Amino acid sequence: MMKVVVIGGVAAGMSAASKLKRNLKDGVDIVVYEKGEEVSFGACGIPFYVSGKIKEASELVERTPAQFAENGIDVKIRHEVTAVDPAKKTVTVRNLDSDEIFVRNYDKLIVGSGAGVRRIPPLDVPRPNLMEVRDVEDGRRLRDRLQGDDVKNVVLVGAGFIGLEMAEACAKHGKKVTVVEFAPRILSVMDQEITDRLAEEMKNNGVDVLVDSKVSEVKLNGQSISAVVIESGGQSRDLATDLVVNCAGIVPNTGFIDVQKAGNGAIIVNEKMETSLPDVYAAGDCSIMNSSITGQPQYSPLGTNANKQGRIIAELLAGKPLPQFKLIGCSALRLFGLDAAKVGLSEREAQSAGVDYKTNLITGNSYASYYGTEKITVKLVYEAKTRRILGAQLVGQGVVVARANYYAIAIRAGLTVDEFGFLDMCYSPPFGGVWDVTLIAANTAK
Ligand SMILES: Cc1cc2nc3c(=O)[nH]c(=O)nc-3n(C[C@H](O)[C@H](O)[C@H](O)COP(=O)(O)OP(=O)(O)OC[C@H]3O[C@@H](n4cnc5c(N)ncnc54)[C@H](O)[C@@H]3O)c2cc1C
């Protein structure tokens, strides 16, 4: 019987374990070690639980260890893997409740250890009112604090996807929210034409955004933070706060294994999720693979990838054909009344990959012009010579994210702007114009 050890019990680890068990049934013995309290939860739903849209934290948990046990998967929570010995094919595990340390051997090892929040000084010291958002328990603690009247001002550090979603969640509790971002603009994975719209939306909803700024120091009242010192353009000032949420990025959890890694610590994998060690696979936020567009390594820590990558390992270990996953890099968010999405390369990414590209930017209607007033802005990035679509970013109202997905399919299929512009698509006024805004963006590409 094949003995499999899985490290990490969330998206990558549990999708690998579940599918492998379904594939091999009694032919596989799977144990999952998870250092946290819960497994198989949807971290992506945490901002919506914190905002109050999702009523119970338990709704974020898909399956419990007991439910996995019924399906023959042994899930050990509060068990941390501290070392891997690839020569002996063993892992060293610490039971966090009893402090017992033991060794377990494997035939195949699946690393799905994810990533943790980046803690940069002065946010690297635990404080009662300094929080992070990574698991369900973080969400519970944060919502409890936001429900209290003692919290009036909240500072969010980092204006990436999670920071922005959390800013909205805090604002929905009636708090005064300030987002502090080191970069010159918010959500810098997207281009400025898109992020300017999102920044305006934040402002219109009462959220202050400080860019080109960093939290250089914290002022304390007892153990708690009473103010953060913001440095910007050589000046510094105090900003009083009752709660600080650190959303300053993530760091892959890979310190326990000696394997080939990228500069950020993510484990390098190929399209089979194989690492540089024999019989050791990695998937999800702890790993990095090549972009199918540039052929260069692309860290894409997203739930959508983690689930697919975990499943790829399960199919391969069961001797099934390799699923045809191509990393494009697709992400989306809703910010108050605006939706935004990015698929493939931004202009900045095309530039740094050394691609000879062109762009096209248009704003059009989300529905037939006589049916609704919602607008969508589309920015396309395409290869200058071949006119192949490389990336698309959309922001606006109406059906935004599903439209971005048309372009994801086009990138996967290698379509040019000219081929895309004449795609046969559904049309009826409640869904779009007779020439959909996505077709117009392709057809007006010079
Ligand atoms: C607030 C928030 C919102 C998000 N929104 C979206 C979204 O809208 N769309 C999207 O695609 N993605 C989103 N994501 C990202 C998505 O949740 C992650 O990409 C996904 O959870 C990654 O899954 P994973 O299994 O690789 O890692 P993780 O979810 O990080 O799970 C890894 C697990 O491994 C455990 N672990 C680590 N080291 C060890 C060890 N040594 N021993 C034992 N256990 C260990 C950890 O405790 C953790 O539970 C969001 C994330 C957050 C936090």
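The values are calculated or read from the model by the stated rules, or taken from the named source; none is laboratory data. Computed from a predicted model, the values in this text were never measured in an experiment. Glycine also receives a Cβ, built like all others from the backbone with ideal geometry; neighbour counts cover every protein chain displayed.
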Checklist entry - Can you name the residue in segment 215-233 that is modelled with pLDDT of 95 or more and outside any strand (DSSP E or B) and, of all such residues, is surrounded by the fewest Cβ atoms within 10 Å (Cβ to Cβ)? => result Gly222
Checklist outcome for this item: Quick count over segment 394-444, residues being in contact (Cβ under 8 Å) with a residue 24 or more places away in the chain, closer than 18 Å to Ile328 by Cα and not in a loop (DSSP other than H, G, I, E, B), is 13
Checklist entry - What are the pairs, 6+ residues apart or on separate chains, where a residue within segment 147-167 that is more than 18 Å from Gly42 (Cα to Cα) and in a strand (DSSP E or B) has its Cβ under 8 Å from a residue that is more than 10 Å from the ligand (Cβ to nearest atom) and among the basic types (Lys, Arg)? => result Asn153/Lys175; Asn153/Lys176; Val154/Lys175; Val154/Lys176
Next on the checklist: Of all residues being surrounded by fewer than 22 Cβ atoms within 10 Å (Cβ to Cβ) and under 20 Å from Lys214 (Cα atoms) in segment 145-160, which is farthest from the ligand (Cβ to nearest atom)? Just the residue, please.
Outcome noted: Asn153
Next on the checklist: If I filter segment 330-350 for residues that are closer than 26 Å to Ala12 by Cβ, assigned to a loop (DSSP other than H, G, I, E, B) and of a type outside the set (Lys, Arg), do I get at least one hit?
Outcome noted: yes
Checklist outcome for this item: Residue hits (segment 101-135; in contact (Cβ under 8 Å) with a residue 12 or more places away in the chain, among the hydrophobic types (A, V, I, L, M, F, W, C), more than 10 Å from the ligand (Cβ to nearest atom) and in contact with a strand residue (DSSP E or B) (Cβ under 7 Å, 6 or more places away or on another chain)) are Ile101, Val103, Leu109, Ile110, Leu123, Leu130, Met131
Checklist entry - Restricting to segment 38-88, what's the tally of residues that are near the ligand (Cβ under 10 Å from one of its atoms), among the hydrophobic types (A, V, I, L, M, F, W, C) and under 18 Å from Arg134 (Cα atoms)? => result 8
Checklist entry - From Val50, Val39, Val91, which residue is closer than 20 Å to Gly284 by Cα and either of a type in the set (Phe, Trp, Tyr) or in contact with a Gly (Cβ under 6 Å, 6 or more places away or on another chain) (or both)? => result Val39
Next on the checklist: Suppose we keep only residues that are surrounded by 17 or more Cβ atoms within 10 Å (Cβ to Cβ) and within 16 Å of the chain's Cα centre (by Cα) within segment 327-338. Which one would you say is nearest to Val207 (Cα to Cα)?
Outcome noted: Leu335
Next on the checklist: I'd like the full set of residues that are in a helix (DSSP H, G or I) and within 17 Å of the chain's Cα centre (by Cα), limited to segment 274-326.
Outcome noted: Gly284, Asp285, Cys286, Gly303, Thr304, Asn305, Ala306, Asn307, Lys308, Gln309, Gly310
